[in-house]
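What follows is a single structure, written as structure tokens, with notes after it.
Read-outs throughout are calculated quantities, based only on the coordinates presented, and are distinct from any laboratory measurement. Bear in mind that the values here come from a model prediction, so they are computed numbers and not experimental data. Virtual Cβ from ideal backbone geometry, glycine too; neighbours counted across all protein chains shown.
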Amino acid sequence: MKILVALKRVADPDNANKVKIPASADKVDTTGLEWKPNPFDEYALEAALRLTENGQQPKTRAGEVVVVTFGPKETETTLRAALATGADRAIRVDASDEQLDGDLVARALKALVEKEKPDAVVMGKQTVDGDTNQVGQLLAEYLDWPQATFAATIEEEANGALLVGREIDGGVAKVRVKLPAVVTVDLRIVSGASVYSTKTARSFKYNDGVRFAALPAIMAAKKKPLAEVKLAELAADTKLKVTYGSFTAPPARKAGIKVKDVAELVQKLTTEAKVL
Amino acid sequence: MASVLVVAELGEGKVKKTTHSAITAAQKIGGSFSILVIGGGAAGAAAELAGFGAAKLLVADDASLASFLAETYAPTIAEVAKSGGFTHVVATASSYGKDLMPRVAARLGAAYVGDITEVVSDSSYRRPMFAGNAFGVAKVETPVQVVSARQSAFTPAEPSGGQSPSETVKLAAGGQAASRVEFVGVETTKSARPELTEARTVVSGGRALKERFEEVLAPLADVLGAAVGASRAACDAGYAPSDLQVGQTGKIVAPQLYFAIGISGAIQHLAGMKGSKVIVAINKDGDAPIFQVADYGLVADLFTAVPELVTAIKAAK
């Protein structure tokens, strides 16, 4: 199976409270925050690797995993890290965040899919900077492909289909999508028994979480192919459908009071907050 | 003048509560609104929405729509939006709306703005970004716009009386996508507790609970009729299942009352719960950051404080 994985780097989500809003309020200032891969996209890469291997022989790729990002030259660091983890090839679409919205990314990805012809596109359900949760769905519609969003489990079936367990409110919905298809992944996709290719025995259990690159793989990744594509080559119309401004900080929460014991807590909740 | 199409959400042939928040969002956009009731049992469920002041109730009920799939619903929704000349299509940002609405937008060539918390004008919407650490106003540049509204930010609409006229709409054929997807089934989480994102009270635990997570929290959740949540650290350590995770990468909750028990208050967790009305923190570390957002903090050993709390709440009731 050939899989295209879309990745984005984001300002360190564990320090997202340090984002600043300048007086002009026209942007969010993330200066000083480290770049990290979007967590959901890291999970997508892990899922793609699991789908293209026998879990017992993770160094042999059965198929191809191509990673793509949209960003300036520095984002090649994110791609190299993905190559070190096991992806075969990388593509960087040269663009800055200001030039993009989710719709334009989806339209450009469509053009890339038509060129690369993967069996599946796998990506995170959302990036944790814009939090828009739309690119996978938009891409699926533009391609007229089925979509399996918010995937918690993926089983490859013998007949070129994926059986996907989707996280929905209050449970998991199972859908079967015939390839090619778009899959967006949710948290539980990196649990030990979440993703099975046809080559991996159902008795096999992965370690929870994403795999890490060993030093030799990091060195080898420097030699893996990384291509650059111009945004205009993929999308003729680069006009944005949504633009952002008037940023504000969230309303501050006042620290409350400390109570001395359980009795005082229950009394406050009953008579003051009136929530019991 | 805005003309809004609200897409209702059904569950087992009934209107889900989420729909009432989408109606409120439509009212805030202004102009007039109609409601599209689509899915298995829509014809029966439509009556539940007759008294909310909609210009029309549009009904799409067919065996092919019995189980929800974005691929089969989106063509009809887009067709209804187009033929009815609607300027806005609105749903709630539940897992249903988030899956479905971008697909509708793509079919309409419209902009999609997801998970809005405020209608600023009929073409701009405030929404949380960076896990709630910043709010941005999304300005839409297309004539038709598709929006999903965060349920907790829009008070559910109440019936206002009257009787909206109802009509059946024609189904639009799905493309390749619809023919390549099959609904297999739903496994509902087996729990007597309310859904995390809809609960009035949430009791969340952190890594400090260790293997006693369920043993300590269950009695408190049960006495309060609360949903149980967990910090990412507790999920990562395997003390709680990951679908309970509250936080930036988990569920965003905004209940009336939130208990953070043995949770230090990492930014990632705060992002998922700081919209709660009243926050209670119990932690033995008095300097834990969770106390900076808690309305009521108790510095105590949770293994003794929580059982005491259960007894005290039972006594107070």
Open item on the list: Can you tell me which of B:151, B:292, B:248 moves the most in a GNM of chain B? Springs connect C-alpha atoms under 10 Å apart.
Closed with: B:292
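Find the relative contact order for region B:201-316 and round it to a whole percent, using C-alpha pairs within less than 8 Å whose residues are 6+ positions apart. Each step should come with its number before you reach the end.
Details: 250 pairs, mean separation 27.9, N = 116.
Here the relative contact order equals 24 percent.
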Open item on the list: At a threshold of 8 angstrom on Cα-Cα distance, excluding pairs fewer than six apart, so keeping six or more, what relative contact order does region B:3-179 reach in percent?
Closed with: 29 percent
TODO: Would you grab the residues whose amide H sits under 5 Å from the one on residue A:168? Only those 5+ places off in sequence or on another chain, please, with H modelled 1.01 Å from N.
DONE: A:173
Task: Added length on full extension, which subtracts the Cα-Cα distance from 0.36 nm per residue, residue A:15 to residue A:31 - done: 4.6 nm
Task: Whole-number D in µm²/s for region A:13-107 (Stokes-Einstein; Kirkwood sum over Cα pairs; 25 °C, 0.890 mPa s) - done: 159 µm²/s
Task: Efficiency of FRET from Cβ geometry, residue A:226 and residue B:47, R₀ 56 Å, rounded to 0.05 - done: 0.45
Task: Whether chain B is rounded, prolate or oblate, judged on the alpha carbon gyration tensor where a/c under 1.5 counts as rounded - done: prolate
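Starting from the Cα gyration tensor of region B:201-316, take the square roots of the eigenvalues, sort them a ≥ b ≥ c, and report rounded, prolate or oblate (rounded when a/c is under 1.5, otherwise prolate if a/b is larger than b/c, else oblate).
Because its axes are fairly even, with a/c under 1.5, region B:201-316 counts as rounded.
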Open item on the list: Order these by the 10 Å Cβ neighbour count, fewest first: B:273, A:1.
Closed with: A:1, B:273
TODO: Mind giving me the nanometre distance, one decimal, between the label points for residue A:238 and residue B:215, set 7 Å out from Cα along Cα→Cβ?
DONE: 6.1 nm
- [ ] With everything on Cα atoms, drop me the angle between helix B:213-224 and the longest principal axis of chain B, reported from 0 to 90° to the nearest 10.
- [x] 70 degrees
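Can you tell me the equivalent ellipsoid semi-axes for region A:108-158? Use √(5λ) from the Cα gyration tensor, largest first, whole Å.
Listed largest to smallest, the semi-axes of region A:108-158 are 18, 17, 9 Å.
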- [ ] Sort A:21, A:218 so the one with the fewest other Cβ atoms within 10 Å of its own Cβ comes first.
- [x] A:218, A:21
- [ ] Report, by chain and number, residues whose modeled amide H sits under 5 Å from the one on residue B:134, excluding near sequence neighbours (fewer than 5 apart, same chain).
- [x] B:129
Open item on the list: If you take each beta carbon of peptide B:91-102 and count the beta carbons of other chains within 10 angstrom, what is the mean?
Closed with: 5
Open item on the list: At 0.692 mPa s and 37 °C, plugging the Kirkwood radius over alpha-carbon pairs of chain A into Stokes-Einstein gives what diffusion coefficient in µm²/s?
Closed with: 161 µm²/s
- [ ] List B:88, B:20 from most exposed to least, where exposure is judged by having the fewest other Cβ atoms within 10 Å.
- [x] B:20, B:88
